[in-house]
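Take a look at the structure below.
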Amino acid sequence: MSAPAEPLALGRIAVLGAGTMGETLIRGLLTAGVVTQEQIHATAGHEERAREVEEELGVSAGVDNRAAVAGADVVLLCVKPQGGARVLGEIAPVLQPRQLLISILAGVDTSAIERRLTGPVPVVRAMPNTPSLVGAGMTVLCAGRHAGDSSLRLARRLFVPLGRTLELEERHFDAVTGLSASGPAFVYLVIEALADGGVKVGLPRGVATEMAAQACLGAATMVLSTGSHPALLKDEVTTPGGCTVDGLLKLEEGGLRVTMIKAVVEASAKAGQLGPEDVGEREP
């Protein structure tokens, strides 16, 4: 987990859409000490959800996106892609060039968002994932036409305390979504399967799950810390005639490698279909 950060010297951050990912980002930012509760104003689709957000997170919340944006320094657009056109239509009249709009809409590129706006508002596209909640996230960023280095620096300062960040060209973002955003779900399935194997050979469920999760955490940490290719690290565990090589043979026999590749390819293809066509069409 990342070390606690100093709060950003910002007036207010508007989080439009306190759903799964919006709430994850709010919790992660608060836990990391990047912002205070007083700095955040969130919105939700209905009053009941807004009250839940206020009670659970201690931040102000409501249902008026335009009011949340007015006066905010940073606007985090966290609604579902299908709701992007509606929300952008609501906030476009009040967004100012001095504000930074950070969008996590899957499948919606920065140019489509910019066509919805009425002025040269800086837009940064971000693709975080849910481990951001515990400071172990991965966020990929790219800048829109009006977003300069200062906009990217501010976006990085928001997301760095939540894990790792990268900057990539926007053409890679469907692949980013399929691998980085969907990837944790694939790993959870691997952890569950490893734990099931432990139960099969006699371990208690809780013990098996802890061991499986720690094995994945440790292996991932080795890859990131050493910079070694995963194949080399795998070979270090695989002693001649040992038990690991027999297990690896079963995984290859079952097609794990090609199945995981196909999972990323399928998720990436789906990501490209998520953005509704009307996001880039301004209201008449």
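The values are calculated or read from the model by the stated rules, or taken from the named source; none is laboratory data. Because the structure is a prediction, the values reported are computed rather than measured. Note that each Cβ is placed from the backbone with ideal geometry, even for glycine, and that neighbours are counted across all protein chains shown. Surface accessibility is based on the protein's heavy atoms, side chains included, excluding ligands, DNA and RNA. Shrake-Rupley method; radii C 1.70, N 1.55, O 1.52, S 1.80 Å.
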* If you take just the helices (runs of 4 or more DSSP H) that sit entirely in segment 193-284, which of them hold at least 2 residues that are under 30 Å from PRO81 (Cα atoms) and of a type in the set (D, E, K, R)? -> 256-274
* Where a residue in segment 150-172 is under 19 Å from GLU23 (Cα atoms) and its partner, wherever it lies, is of a type in the set (S, T, N, Q) and open to solvent by 70 Å² or more (accessible area, probe 1.4 Å), with Cβ under 7 Å and at least six apart -> none
* Asked: Could you give every pair whose Cβ atoms fall below 6 Å, whose first residue belongs to segment 117-144 and is of a type in the set (D, E, K, R), and whose second residue is at pLDDT 95 or above and crowded, with 24+ Cβ neighbours inside 10 Å, counting only separations of at least 6 or pairs across chains?
  -> ARG125/SER103
* Asked: Does GLU252 fit the bill of being more than 18 Å from the chain's Cα centre (by Cα) and exposed (fewer than 12 other Cβ atoms within 10 Å of the Cβ)?
  -> yes
* Enumeration of residues in segment 170-185 that are more than 13 Å from PRO131 (Cβ to Cβ) and either of a type outside the set (Gly, Ala, Ser) or open to solvent by 30 Å² or more (accessible area, probe 1.4 Å) (or both) -> GLU170, ARG171, HIS172, PHE173, ASP174, ALA175, VAL176, THR177, LEU179
* To do: Tell me, please, whether a residue that is closer than 21 Å to ARG12 by Cα and open to solvent by less than 10 Å² (accessible area, probe 1.4 Å) can be found in segment 106-116.
  => no
* To do: Check every one of the strands (runs of 3 or more DSSP E) wholly within segment 20-95 and list those with 3 or more residues that are within 24 Å of ALA106 (Cβ to Cβ), without any contact (Cβ under 8 Å) to a residue 40 or more places away in the chain and not charged (D, E, K, R).
  => 40-43
* Being hydrophobic (A, V, I, L, M, F, W, C), surrounded by 13 or more Cβ atoms within 10 Å (Cβ to Cβ) and within 18 Å of VAL190 (Cβ to Cβ) narrows it down to one of ALA212, ALA231, so name that one. => ALA212
* Just need a number here: residues in segment 61-103 that are within 20 Å of SER268 (Cα to Cα) and either buried (at least 22 other Cβ atoms within 10 Å of the Cβ) or in contact with a Gly (Cβ under 6 Å, 6 or more places away or on another chain) (or both). => 5
